[in-house]
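Asks: Have a look at this one.
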């Protein structure tokens, strides 16, 4: 094999001596670093901490709802809790985890780059994210409490008359800061993927994870500035006497919903595409096969991204002021590329040699949970069915199926890439126990909610004294939430238990993509040498030169023609 | 229904193994069809208006599709999980592309989506239809209660939170609702009608329904509207047209007339109240 495309002097990759990065150590290193791996690790730790905080809020909410006249928290506290649960989970956990944590660490290594395109901007992203998170959560320490108008902050409930107090302003400020952080990360991802690919790493030789992060980066650039603008308008309405979202003075309350969801629906895919990418990599590696329909999957991702910009008003069907058929067909159409992905994942497993590691189990759990979340989403694209279920627990269950699938995907990513980042494998037995609690907990948590929604239980109710018959389903849902809580505790225990216990080696999973060619953890600028890149899985091609990707039913190697030209 | 099952089965799965799988899959569907002529409600109920029944049938149609598509997908998944477990160290065939199969699993979902959209359009046109009618109710939502005005009559119903104001309407007649809000966004939701609509400040939302059964139905606000959102209840009482007229007549007293005038004036006043404009105060003021 020729494996010479080396940006740094060629040496044996177990040799760490040439790798010393001269600079500060310890806390000063962490505070001043521009290394994408350390920033990514900071993102990972912070966002998982946010998962724990948001999960804690969720447990209180579920305990409150486990009886019709729950008195664990007051009405005001309940409104704060579900607002901050949604805000922490969406703005501070899933988003930053999706595009800031593993993406930050893995994408540059997957394309053979030494770092992100703008390392200092990357550091700024992280510090803005941390500052924004603290800002938003500090609302709990103000006299009026944290923001309490729901994570969507609908006008005019979010104006200064209906929601006075600093908690709401800290919510806006925190969201602005994390929004800028996201925009800078979008710039960084896009620039890195377009300009810093190693020689031979063409666009159609990029792993699916990198592809998905490229599309995510583009979506961030299209969607987040709109949210930022909206938040500034909201702040001006609250404090500077503008009338942008008020119903008098020439304002339009529904405008906030348009702006919010114009960001909000692409945001769903900004959260989801990175996890789709993680799951895709994991399924391919643990089935010992290439990603089935690689190019079709990329076009499906691009289609999802394009459609996601034209579906925002399906969140607004019941406002009565949007064009129903247009947003209905656009939303229904998203099912097509999503279905293609589903079949890509199944096709990848088909006739493979499936190794049920924790990462693979998490991915399979993702497939099932996302299938449920996806199918129930199709109902909501139909306006009459949305009139029926809007703002009920059916919708709550639908998006929790989707985000619990994303949590399973995130866990798959952590178990899969953890060894690459730290050099050590997490304990598989604890991992599998975590999987069963997380997977079964997710179903026990959401299924009763689907029924409750159909029986008429609406969202954001602290009590339901007139419908005591809903209690048992609510108790079941609370049980599911507690199981999810146990799974999170098991994960934290696992990190402590496996601390520097099981050395991983460079490529513990016989994985396929470029990051598994370097050491675990990778050296300062990631590579001592690179293999020849002839497909999206150069490490596999290097280790198994006789098993290249094939067209169906033939021995024709995919992409052989382009190699002959090169 | 069986026919469509077989078709999508043909399209998605090929080869010997899949023929075996199809035989296994056919069983539950056959059982479903043979178990009776009634299609299950999949958790929903037909409700008590003509449009709630249309919505319910659409729900059933979508659910049958979801069960078939979801069942097939799940079966393929489980088949692979069970049959393609790791056995030894052999490296499987590295198939990456199968273009005909990829085209099939793109085209079939597109056809399904077109079908779902067509069904949606039919039902949507029924649900949002606005036929002419004499029974008109102006519904006004506020923090935290409801007010029901009957234009042309003296009837006014007003109630906050758990007082559960009752909106009285006749059965088997089209009822036209003009829905608005005097403060924040609320949601008018009656579960028995399988229907909800936002009450927006500054906008009059209109819809028409036709109750098919008499009875009293629970309604509540579904859009978060502040502190007492959890308690913003109302009731819809569907009575016979004769009883409805009797009920309207009970308000025809001088006192009732005065109350109706006062309510209409108060509503007008609330709808024109401004929002705070501090510090750049112009004309509204707090």
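Every read-out reported here was derived from the displayed coordinates using simple, explicitly stated rules and does not represent laboratory data. The structure presented is a predicted model; accordingly, all values stated were derived computationally and were not measured. No Cβ is skipped: glycine too gets one built from the backbone with ideal geometry, and neighbour counts run over all protein chains shown.
Asks: Evaluate the distance, in nm, between pseudo-label points positioned 7 Å from the Cα of residue A:532 and of residue B:268 along their respective Cα→Cβ axes.
Replies: According to this spin-label approximation, the distance is 8.7 nm.
Asks: Could you pull out which residues in segment B:100-118 have an amide N less than 13 Å from a spot 7 Å beyond the Cα of residue A:303, following the Cα-Cβ vector?
Replies: It comes to B:102-114, nothing else.
Asks: Roughly how tilted is helix A:393-422, in degrees to the nearest 10 and between 0 and 90, from the longest Cα axis of chain A?
Replies: Compared with the principal axis, the helix lies near 30 degrees.
Asks: In addition: Given R₀ = 45 Å, FRET efficiency for residue B:87-residue B:110 by Cβ-Cβ distance, to 0.05?
Replies: The value I calculate is 0.75.
Asks: Just the ratio, please: alpha-carbon radius of gyration of segment A:323-464 over 2.2 N^0.38 Å, N its number of residues.
Replies: 1.22
Asks: So what is the calculated 222 nm ellipticity per residue for chain A, using -39500 (n - 2.57) for each DSSP H run with n of 4 or more, over all residues, to the nearest 500 deg cm²/dmol?
Replies: -20500 deg cm²/dmol
Asks: Could you tell me the distance between the Cα centroids of segment A:514-537 and segment A:297-341, to the nearest Å?
Replies: Each part's Cα centre sits 38 Å from the other's.
Asks: Roughly how crowded by other chains is peptide A:295-306, in terms of the mean Cβ count from those chains within 10 Å of each of its Cβ atoms?
Replies: Mean partner shielding for this stretch: 1.
Asks: A further question follows. Taking the DSSP beta bridges in segment B:135-271 as the whole, what percent of them are antiparallel, to the nearest 5?
Replies: Of those bridges, close to 70 percent are antiparallel.
Asks: Mind jotting down the three principal axis lengths of segment A:203-283 based on Cα atoms? Whole angstrom, largest first.
Replies: For segment A:203-283, the Cα extents along the three principal axes come out at 55, 18, 17 Å.
Asks: Alpha carbon centre of segment B:216-249 versus segment A:447-495: separation in Å?
Replies: Value for the Cα centre distance between the two parts: 28 Å.
Asks: Here is a further query. With r defined as the distance between the Cβ atoms of residue B:173 and residue B:255 and R0 fixed at 35 Å, what FRET efficiency is calculated, to the nearest 0.05?
Replies: It comes to 0.80.
Asks: What number results when the radius of gyration of segment B:135-271, computed over Cα atoms, is divided by 2.2 N^0.38 Å? The partial results should precede the final answer.
Replies: Working: Rg = 14.0 Å, N = 137, 2.2 N^0.38 = 14.3 Å.
So segment B:135-271 has a normalised radius of gyration of 0.98.
Asks: Oh, and also: What percent antiparallel are the DSSP beta bridges of the protein assembly as shown, to the nearest 5?
Replies: Close to 70 percent.
Asks: Which parts of segment A:466-498 would a label at residue B:45 reach, counting a residue when its backbone N lies under 18 Å from a point 7 Å out along Cα-to-Cβ?
Replies: Output list for this probe position: A:466-474.
Asks: Describe numerically, in nm with one decimal, the distance between label points set 7 Å from Cα along Cα→Cβ at residue A:25 and at residue A:493.
Replies: 3.5
Asks: Can you give me the C-alpha center-to-center distance between segment A:42-76 and segment A:372-396, rounded to a whole angstrom?
Replies: Centre-to-centre distance over Cα atoms comes out at 24 Å.
Asks: Scaled to the compact-protein estimate 2.2 N^0.38 Å, what is the alpha-carbon radius of gyration of segment A:64-222, rounded to two decimal places?
Replies: 1.28
Asks: Write down the radius of gyration of the protein assembly as shown and its Dmax, each obtained from C-alpha positions, in Å.
Replies: Cα only, the protein assembly as shown: 28.5, 100 Å (Rg, Dmax).
Asks: Return the FRET efficiency for the residue pair residue B:129, residue B:213: r is the Cβ-Cβ distance, R0 is 22 Å, and the value is rounded to the nearest 0.05. All intermediate terms of the calculation are to be shown ahead of the outcome.
Replies: On the way: r = 20 Å, r/R0 = 0.91.
The formula returns an efficiency of 0.65 here.
Asks: Further question: How many nm is it between the label spots at residue B:122 and residue A:475, if each spot is 7 Å from the Cα in line with the beta carbon?
Replies: That separation, rounded to one decimal, is 4.3 nm.
Asks: For segment A:344-385, list residues with backbone N below 18 Å from a point placed 7 Å from the Cα of residue A:440 toward its Cβ?
Replies: The answer is A:358, A:361-366, A:368-369, whose backbone nitrogens lie closer than 18 Å to the label point.
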